[in-house]
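Peer 1: Have a look at this one.
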Amino acid sequence: MLVGVAHVIDVSQQMRSLISHYSPGAVGVELDPARYRAITNKGSRGKVPLPYRLLSLMQRRLAEQFGGEVGAEMLAAVEAARSNAAQVVFIDMEAGRMFNSLLQQMSFKEKVLMVFSSLSGLFMSRKRVERELNEFQENEERYMAAMASSYPTVKRVLIDERNEHMASAILRAEGTYGSVLAVVGDGHVEGLRKILSREDLVAYRLKDLKDLKLERPSSNAEASFSFIVE
């Protein structure tokens, strides 16, 4: 199962309900151990690149507008996994190394655009976020194509390569624990679906979580509402 979330919108209760309902052998979360410790301890992540710090600050400000905290859904997933005797699996790449690699590969133009984009994001209103969510809903392929055009390295490293990494981690977890419910940013769901290419895969998109009714869906259950923040 894939569950798509937005890191600034709190769907903690839905995470608990899904994990309790399905009782998977493992719960995969889009975190690495260091990011998990940073979220749980509210502490410093050490020396991290400027764009990453700006992105983290932007997420915190947006989460406050939506009445939650960044990563609340991931922590809820971890807690629910442990309450249901499921193994917790950190399926994402190590963030510090990933961003350092990204910055080494990015062109100067991409770096400048990324910094300005992150700075403008600090002043993004809830209304604008909701508008972008709707735009992404209308045409996810166009949204990703625009990202690839403006930020080709970002798209490759933060989306495509992470999708490959997380898909491999999900399959390893399935082989060990039997079934996996993976909680990932909603912008990763479609890419993971294509890589995994499984008829028995169930996907919940962010829109599904708004009015979640836990009747077991068919294997091709999906919704189109999605938003990628990180």
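The values are calculated or read from the model by the stated rules, or taken from the named source; none is laboratory data. Everything numeric in this text was worked out from a predicted model, so none of it was measured. FYI the Cβ positions are ideal-geometry reconstructions off the backbone, even for glycines, and counts take in every protein chain you see.
Peer 1: Out of 70, 129, report the one residue that is at pLDDT below 85, out of contact with any Phe, Trp or Tyr (no Cβ under 7 Å at 6 or more places or on another chain), assigned to a loop (DSSP other than H, G, I, E, B) and under 17 Å from residue 5 (Cβ atoms).
Peer 2: Working: 129 fails: assigned to a loop (DSSP other than H, G, I, E, B).
None of the other options fit; the residue is 70.
Peer 1: Which residue pairs have Cβ atoms closer than 6 Å, lie 6 or more positions apart in sequence or on different chains, and pair a first residue in segment 182-196 that is without any contact (Cβ under 8 Å) to a residue 40 or more places away in the chain and of a type outside the set (Val, Ile, Thr) with a second residue that is in a strand (DSSP E or B) and buried (at least 22 other Cβ atoms within 10 Å of the Cβ)?
Peer 2: From residues that are without any contact (Cβ under 8 Å) to a residue 40 or more places away in the chain and of a type outside the set (Val, Ile, Thr), there are no pairs.
Peer 1: Hey, could you check segment 1-33 for residues that are surrounded by 15 or more Cβ atoms within 10 Å (Cβ to Cβ) and in a helix (DSSP H, G or I) and say which is modelled with the lowest pLDDT? Before the answer, list the steps.
Peer 2: In the first step, residues of segment 1-33 are kept if they are surrounded by 15 or more Cβ atoms within 10 Å (Cβ to Cβ); the result is 1-12, 14-19, 22, 24-32.
Retained after the next criterion (residues that are in a helix (DSSP H, G or I)): 12, 14-19, 22.
Values: 12: 84, 14: 89, 15: 88, 16: 90, 17: 91, 18: 93, 19: 94, 22: 93.
Per the stated criteria, the residue is 12.
Peer 1: Right, another one. Looking at 200, 186, 160 in this structure, which one is modelled with pLDDT of 80 or more, farther than 19 Å from residue 73 by Cβ, of a type in the set (Asp, Glu) and within 19 Å of the chain's Cα centre (by Cα)?
Peer 2: Numbers: 200 fails: within 19 Å of the chain's Cα centre (by Cα); 186 fails: farther than 19 Å from residue 73 by Cβ.
None of the other options fit; the residue is 160.
Peer 1: If you go through segment 107-116 one residue at a time, do you hit one that is farther than 20 Å from residue 167 by Cα, assigned to a helix (DSSP H, G or I), in contact with a Pro (Cβ under 9 Å, 6 or more places away or on another chain) and modelled with pLDDT of 80 or more? Before the answer, list the steps.
Peer 2: From segment 107-116, those farther than 20 Å from residue 167 by Cα are 107-116; that's our starting set.
Of the ones still in play, those that are also assigned to a helix (DSSP H, G or I) are 108-116.
Next, only the ones that are in contact with a Pro (Cβ under 9 Å, 6 or more places away or on another chain) stay: 110-111, 114-115.
Filter once more, so that each one left must be modelled with pLDDT of 80 or more: 110-111.
Within segment 107-116, one or more residues are farther than 20 Å from residue 167 by Cα, assigned to a helix (DSSP H, G or I), in contact with a Pro (Cβ under 9 Å, 6 or more places away or on another chain) and modelled with pLDDT of 80 or more.
Peer 1: Please work out which residue is surrounded by the fewest Cβ atoms within 10 Å (Cβ to Cβ), limiting yourself to segment 134-165 and to residues that are within 16 Å of residue 189 (Cβ to Cβ) and among the aliphatic types (A, V, I, L, M).
Peer 2: 147
Yes/no per residue for (1) over 12 Å from residue 2 (Cα atoms); (2) of a type in the set (Gly, Ala, Ser); (3) part of a helix (DSSP H, G or I):
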| site | (1), (2), (3) |
| --- | --- |
| 136 | yes, no, yes |
| 141 | yes, no, yes |
| 154 | yes, no, yes |
| 157 | yes, no, yes |
| 164 | yes, no, yes |
| 168 | yes, yes, yes |
| 175 | yes, yes, yes |
| 200 | no, no, no |
